[in-house]
Amino acid sequence: MYETLLQNLRAKGYGAQVFSSEKEVVDYLADQIQNTTVAFGGSKTLEKLGLYERLSANNQVLWHWRIPEGKTGAQVLKEARDASVYVSSANAIATSGEIVNIDGNGNRVAEILYGHDRVYFVAGKNKIAKDLNAAMWRAKNIAAPLNALRLRSETPCAKHGNKCYQCHSPQRICRATVILNEPPLKAKYEVLIVDQVLGY
């Protein structure tokens, strides 16, 4: 099932692995990321895995979903820009090797592009799409509506289910779309697929 995806990701220059369980991928990341600064993108996948808690044992972890006392979300996001490692999920990963993310604030798509020594994408098998068109469809019609619903956005997709309505709502969360055709230069990128359903 994963052979073509891994082959294409590696041909593009990504590190790429498949893990059979949540525990395996968490153990791998805990081994790879030690004694450094780590920032997280907003992600139900990372939350489900408990990565913040696990990596906090040996690292300084910055996540605007976990704001320390005395700081604001804006301060945490600003500090995240200087982290050595960035961990995110993806809205969709095409079997041909493209990675798609849609963002509202733009912090997540900005951070996966530039500024860190290492970037890890962690995604469940439900994020895999057969090609780039299918990956774009998934990001717009599955991931984005579910995120809009989670954020209680007053958008058509949140109100009426998993469908993109190409809305122009003031609360629209589809404001920046990034397709990684290949890993950007100057950083090490790894794609870690978990053989389970995770996140949106």
Rounded to the nearest 0.05, FRET efficiency between residue 168 and residue 84 (Cβ-Cβ, R0 35 Å) equals 0.35
In whole Hz, with x marking every Gly and Pro, tabulate ³J(HN,Hα) for the range 42-58 from phi via Karplus 6.51 cos²θ - 1.76 cosθ + 1.60, θ = phi - 60°.
x, 6, 5, 4, 5, 5, 4, 6, x, 5, 4, 5, 5, 6, 5, 5, 10
I'd like the projected area of the range 1-102, averaged over all directions, using the convex hull of its alpha carbons. Report it in nm² with one decimal.
7.2
If you roll a 1.4 Å probe over the chain with all protein chains in place, what percent of the accessible area is carbon or sulfur?
48
Within the range 65-147, the percent of DSSP beta bridges that are antiparallel, given to the nearest 5, stands at 25
Under 19 Å from residue 78, Cα to Cα: aspartates and glutamates that are on another chain or at least 8 residues apart
69, 103, 111, 117
Could you give the nm distance between label points at residue 141 and residue 179, where each point is 7 Å from its Cα heading toward the beta carbon?
1.6
I need to check one value: relative contact order of the range 54-200, counting alpha carbon pairs closer than 8 Å and at least 6 residues apart, in percent.
29
How much length is gained if the chain between residue 60 and residue 1 is pulled fully straight, taking 0.36 nm per residue apart and subtracting their Cα-Cα distance, in nm to one decimal?
17.6 nm
The chain: mean projected area of Cα convex hull, nm²:
10.7
Can you say what percent of the DSSP beta bridges in the range 44-200, counting only those with both residues inside, are antiparallel? Round to 5.
40
Could you work out how far apart the two model spin labels at residue 152 and residue 130 are, taking each label as a point 7 Å from the Cα in the direction of the beta carbon, and quote it in nm?
4.0
Quote to one decimal, in nm, the extra length available between residue 30 and residue 188 on full extension: 0.36 nm per residue of separation minus the C-alpha distance between them.
55.2 nm
Whole number in Å², please: accessible area per residue of the range 35-87, 1.4 Å probe, ligands, DNA and RNA not counted.
50
So how do 114, 2 rank on accessible area, 1.4 Å probe, biggest first, that is with the largest at the start?
114, 2
What are the residues whose amide H is under 5 Å from the amide H of residue 191, where those residues sit 5 or more places off or on another chain and H is modelled from the backbone?
15, 16, 17, 121
Sequence-distant or interchain residues sharing an amide H contact under 5 Å with residue 124, placed H: which?
194, 198
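The values are calculated or read from the model by the stated rules, or taken from the named source; none is laboratory data. As the structure is a computational prediction, the values presented were derived from the model and not from experiment. Every residue, glycine as well, gets a Cβ built from its backbone with ideal geometry; the counts of neighbours run over all protein chains shown. The accessibility values were calculated without ligands, DNA or RNA, using every heavy atom of the protein model including side chains. Shrake-Rupley method; radii C 1.70, N 1.55, O 1.52, S 1.80 Å.
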